[in-house]
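Below is one structure, written out as structure tokens; comments come after it.
Any read-out appearing in this document is the output of simple, stated calculations on the displayed coordinates, not a laboratory observation. Keep in mind the model is a prediction, meaning the values are calculated, not measured. Positions of Cβ are generated from backbone atoms using ideal geometry, with glycine treated the same way; all protein chains shown enter the neighbour counts.
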Amino acid sequence: MTAVPVGITVNGEDHEFAEAPTVRQVLEQLNLPCQGVAVAVDGALFPKSRWDELVGRGWELEVLTAVQGG
């Protein structure tokens, strides 16, 4: 069986993966930090305890970092 590419959006940019990655793999492959960040999927916080779950086709991920200031 041939793997079907999985398209997802990360921080507003479209990306395609040969097969469904986990959230953690997305961060690693896109050289995004895994520490000190929060991930939202389709606008809802996605807990770090679930980062080893496979990403679904069409998901929209936002990788958020804390910013100091005010």
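Consider region 38-70. How many of its residues are of a type in the set (Val, Ile, Thr) and under 11 Å from the mean Cα position of the chain (by Cα)?
4
Among the residues of region 50-61, is any of a type in the set (Lys, Arg), farther than 21 Å from ALA3 by Cα and either surrounded by 14 or more Cβ atoms within 10 Å (Cβ to Cβ) or in contact with a helix residue (DSSP H, G or I) (Cβ under 9 Å, 6 or more places away or on another chain) (or both)?
yes
Go through region 8-20 and give me each residue that's exposed (fewer than 12 other Cβ atoms within 10 Å of the Cβ), touching a strand residue (DSSP E or B) at 6+ places or on another chain (Cβ under 8 Å) and in a strand (DSSP E or B).
Correct list: ASP14, GLU16.
Scan region 57-70 residue by residue and report those that are closer than 18 Å to ARG24 by Cβ and without any contact (Cβ under 8 Å) to a residue 40 or more places away in the chain.
Within region 57-70, LEU64, THR65 meet the criteria.
Go through (1) without any contact (Cβ under 8 Å) to a residue 24 or more places away in the chain; (2) outside any loop (DSSP other than H, G, I, E, B) for LEU27 and report which single condition fails.
Among (1) without any contact (Cβ under 8 Å) to a residue 24 or more places away in the chain; (2) outside any loop (DSSP other than H, G, I, E, B), the lone unmet condition for LEU27 is (1).
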